[in-house]
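The values are calculated or read from the model by the stated rules, or taken from the named source; none is laboratory data. Because the structure is predicted, anything quoted here is derived from the model rather than measured. FYI the Cβ positions are ideal-geometry reconstructions off the backbone, even for glycines, and counts take in every protein chain you see.
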Amino acid sequence: MTMDQRPHRNPALPPRRPTTPPILRSRFALGLTAAAASGRFALQECLDCGAIQYPPREACHCCLSDRLEWRPRDGAGTLLAVTCVRKPYETYFRERAPWRTGIVRLDCGVSVVAYLHGRCAEPPARVRVRACLDRAGRAVLAALPDKDVTDMTDDPLMREFSNSPKGRHVLVTDGTSEIGQAMAIAAAEAGAETVWVGASERWKAAPGFEALSTIPQVTLLPLDVTDTQSVDTLAGQIGGKVDILFNTAEFHRTHSALSRRGVETARVEMEVNYFGLLRLAQAFGPAMSARAAEVPTNAVAWVNVLSVFALANYPSQGTFSASKAAALSLAQCLRAEFRPAGLRVLNVFPGPVDEAWNQTELPPKIAPRRLAADVVRALEDGLEDLFPDPVARDWYERWRADPKVLELELTA
Amino acid sequence: MTTSTLGSLAALVADLAEGNVEVVDLTQTLAPDMPRISLPPEFGQAAPFRMEEISRYDERGASWYWNNFSCGEHTGTHFDAPIHWVSGRNLPDNTTDTIPPRSFVGPACVINCSLEAEQDPDFLLTVDFVTDWEATYGRIPPRAWVLMRTDWGKRTDPAEFQNYDEAGQHSPGPNPDCVRFLIEERDVLGFGTETIGTDAGQAAHLRPPYPCHFYMHGANRYGLQCLTNLDRLPPQGAVLICPPLKIRKGSGSPLRVLALAPRT
């Protein structure tokens, strides 16, 4: 491994501590964040009079109806006025000043206050408004130029909202699976400075694993998430450098509660899919939290490859679903604990992935390479939840509409 | 108890104290990275050795350090009881808690196959190889442990120890006729190896599959595997001590295997 060539921080000075923007929102306003978490910009719409409103409120600003629904919007609008805050009071904003802010009149008729991308033209100008998650994981609005410009994502505002692997040190916890290998390759292609890739029982010579070492940024390392000593050993070696952790370690079998006698296979699912996450969190989480504002690179994100079966049990893969539901629950806890540091937890909920243990699932199945590309994109876009394929999105929509109805359909 | 028996035990104690008799540890260290047996993924799998801290002089227990460990019955250096195999399922006293304790102590015959195993990892021990060995070192006594020395225990790299390729594991073991000979003609107590099983890595393709398991356990005999330090034992003359944990209806257990050997 060669030395990082970027300017190093002065080790005699105190470290830069993570700061975050304000986190509190009203229950009604959190609808904006809930949509932004999976990359959608949504506004409240009154089901009685049809009015669209911003900022979010508990009742319609026109007819006082409380029958409001969050509906996706394209965010197209016109930038009307601009101001610039140069000396903010709060530490987080002060560290990143100046903040260029504007009022945008959306085409749907409401005006919003948004941060401005540096390449937005002077008003009046056409812009696209997006809801982005800030470092506190709360939605704020950002106005982008009407059309993509070169180096769009290099803008300081975009970098603040992004958790891109570019220039960062990343760990892929299991490279023996196709998903893990695709993730390592995608991270390297996205410009990761270092890609550490773990493997348990390397003597099994998993197809494709050793070949990863031909990628210049890649280093292969032993890591077994079922073994606390193995996890702690690796954390001792690289835990102080990991900026993004991709947890791809997964034990996948296709059993229902009654189709497999005994609990041993289900226990391994829990050991890898649930306790593995817990071991990784305890070994890598504190150091990542402490390095969330470090220069030249900082820890930014933790990626969990879950499954859409975490939302509702898929009986033919019933015990696997249960282990992923447990992992999802723990990932939510991790989110709460990473929030003060501004570390993003990206939960990925694929439908059936096109891999050997899904051989009897009918298409469509998402290809590992496609999944990995979507994960990188979601990091760049600063998302918190990713439903990358049509099956996943369909399940998610049905789950949102009525989890009980989805359960009834799945258990028919 | 006769005076001469008391005398021989006293002599043993004296020999141990004076170092004329050495206690040789034939056990691999139990650790999470100890290679484990791995079956094709559709089968149930033996759990690897794992250790989780309960407390270490900390808020979980201020003055004490201890761990919980978990593993399969067939993890690390371990003992195979006859009930482990279907051929031994209905025999009397076939489990770790019912095997007569006298079976856990017996003479050890160490057959050195290390050269052959180095040249051919799929080496199979034959009757001729055993009778040639007997011609040099003497006949295998009844109720003896026969230990197949391959120096496999010196393979500290898991990849070398497992020695896998697309066809599975390549490691030495006995051939079917040899196993029957040891049972029927020599009345052995059991068969021990340094590899992950008492059978060869490719023994699934022998007839019967896994002959050492099939015949040994079918005759109410025992197995030991993942032994090490067999090179420190004489071909004849050592005494093996190998009591498994007293697990009710256990099919086997990790254990500490010791040998008493004359100082060389």
Given (1) of a type in the set (Ser, Thr, Tyr); (2) in contact (Cβ under 8 Å) with a residue 24 or more places away in the chain; (3) more than 9 Å from chain A (Cβ to nearest Cβ), index of the condition B:SER38 fails: (3)
Being surrounded by fewer than 17 Cβ atoms within 10 Å (Cβ to Cβ), within 29 Å of A:ALA392 (Cα to Cα) and of a type in the set (Val, Ile, Thr), is that true of even one residue in region A:251-264? yes
Residue, farthest from B:MET34 (Cα to Cα), within region B:134-163, restricted to residues that are within 11 Å of chain A (Cβ to nearest Cβ) and acidic (Asp, Glu): B:GLU160
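Table: residues versus (1) in contact with a helix residue (DSSP H, G or I) (Cβ under 6 Å, 6 or more places away or on another chain); (2) away from chain B (no Cβ under 13 Å); (3) free of Cβ contacts under 8 Å to residues at least 60 places away in the same chain.
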{"position": "A:ILE185", "(1), (2), (3)": "no, yes, no"}
{"position": "A:GLY198", "(1), (2), (3)": "no, yes, yes"}
{"position": "A:TRP203", "(1), (2), (3)": "yes, no, yes"}
{"position": "A:ALA206", "(1), (2), (3)": "no, no, yes"}
{"position": "A:VAL218", "(1), (2), (3)": "yes, yes, yes"}
{"position": "A:PRO222", "(1), (2), (3)": "no, no, yes"}
{"position": "A:THR228", "(1), (2), (3)": "yes, no, yes"}
{"position": "A:THR233", "(1), (2), (3)": "no, no, yes"}
{"position": "A:PHE246", "(1), (2), (3)": "yes, yes, no"}
Only one of A:GLY318, A:GLY351 is at pLDDT 95 or above, buried (at least 23 other Cβ atoms within 10 Å of the Cβ), not in a strand (DSSP E or B) and not acidic (Asp, Glu), namely A:GLY351
Return yes when B:VAL13 is in contact with a strand residue (DSSP E or B) (Cβ under 7 Å, 6 or more places away or on another chain), more than 25 Å from A:ARG279 (Cα to Cα) and either among the β-branched types (Val, Ile, Thr) or not in a loop (DSSP other than H, G, I, E, B) (or both) and no when it is not. no
Do you know which residues across region B:237-259 are more than 15 Å from B:ASP25 (Cβ to Cβ), touching a helix residue (DSSP H, G or I) at 6+ places or on another chain (Cβ under 7 Å) and in a strand (DSSP E or B)? B:GLY252
Subset of region A:252-263 (residues that are farther than 14 Å from A:PHE320 by Cβ and either outside any loop (DSSP other than H, G, I, E, B) or not aliphatic (A, V, I, L, M) (or both)): A:ARG261, A:GLY262
Where a residue in region A:258-276 is away from chain B (no Cβ under 12 Å) and its partner, wherever it lies, is surrounded by fewer than 19 Cβ atoms within 10 Å (Cβ to Cβ) and polar (S, T, N, Q), with Cβ under 9 Å and at least six apart: A:SER259/A:SER316; A:TYR274/A:SER329
Which condition does A:SER307 not pass, out of (1) without any contact (Cβ under 8 Å) to a residue 60 or more places away in the chain; (2) surrounded by fewer than 16 Cβ atoms within 10 Å (Cβ to Cβ); (3) among the small types (Gly, Ala, Ser), if it passes all the others? (2)
Which members of region A:373-412 meet the condition of being closer than 20 Å to A:LEU343 by Cα and assigned to a helix (DSSP H, G or I)? A:ASP374, A:VAL375, A:VAL376, A:ARG377, A:ALA378, A:LEU379, A:GLU380
Tell me which of these B:GLU116 doesn't satisfy, since it passes every other one: (1) within 14 Å of chain A (Cβ to nearest Cβ); (2) acidic (Asp, Glu); (3) in contact (Cβ under 8 Å) with a residue 12 or more places away in the chain. (1)
Selection from region B:50-64 of residues that are touching a strand residue (DSSP E or B) at 6+ places or on another chain (Cβ under 7 Å) and either within 9 Å of another protein chain (Cβ to nearest Cβ) or free of Cβ contacts under 8 Å to residues at least 12 places away in the same chain (or both): B:ARG50, B:MET51, B:GLU52, B:GLU53, B:SER55, B:ARG56, B:TYR57, B:ARG60, B:GLY61, B:SER63, B:TRP64
Return the pair list, or none, for Cβ contacts closer than 7 Å from residues in region A:340-353 that are under 20 Å from A:CYS132 (Cβ atoms) to residues that are assigned to a loop (DSSP other than H, G, I, E, B) and among the polar types (S, T, N, Q), at least 6 apart or on different chains. A:PRO340/A:THR20; A:GLY342/A:THR20; A:ARG344/A:ASN163
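Of the residues A:ALA287, A:ALA283, A:ALA249, which is at pLDDT 95 or above and part of a loop (DSSP other than H, G, I, E, B)?
One residue alone meets the criteria, A:ALA249.
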List the number of the failed condition for A:THR194; all other conditions in (1) within 14 Å of another protein chain (Cβ to nearest Cβ); (2) under 26 Å from the mean Cα position of the chain (by Cα) hold. (1)
Please enumerate the residues belonging to region A:104-132 that are without any contact (Cβ under 8 Å) to a residue 60 or more places away in the chain and among the charged types (D, E, K, R). A:ARG105, A:ASP107, A:ARG119, A:GLU122, A:ARG126, A:ARG128
Residue in region A:25-74 that is farthest from A:VAL112 (Cα to Cα), counting only those that are assigned to a loop (DSSP other than H, G, I, E, B) and among the aromatic types (Phe, Trp, Tyr): A:PHE28
So which of A:THR83, A:THR78, A:THR19, A:THR33 ends up being in contact with a helix residue (DSSP H, G or I) (Cβ under 9 Å, 6 or more places away or on another chain) and either more than 30 Å from A:GLU122 (Cβ to Cβ) or at pLDDT 95 or above (or both)? A:THR19
Kindly indicate the residue of region A:1-52 that is polar (S, T, N, Q) and under 20 Å from the mean Cα position of the chain (by Cα) and also surrounded by the fewest Cβ atoms within 10 Å (Cβ to Cβ) among those meeting that condition. A:SER38
Considering residues that are assigned to a loop (DSSP other than H, G, I, E, B) and out of contact with any helix residue (DSSP H, G or I) (no Cβ under 9 Å at 6 or more places or on another chain), the number found within region B:212-236 is 1
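Okay, residues lined up against (1) free of Cβ contacts under 8 Å to residues at least 40 places away in the same chain; (2) within 27 Å of B:PRO121 (Cβ to Cβ):
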residue	(1), (2)
B:GLN202	no, yes
B:ARG207	yes, yes
B:CYS212	yes, yes
B:ARG221	no, yes
B:LEU224	no, yes
B:LEU230	no, yes
B:PRO243	no, no
B:PRO254	no, yes
B:LEU258	no, no
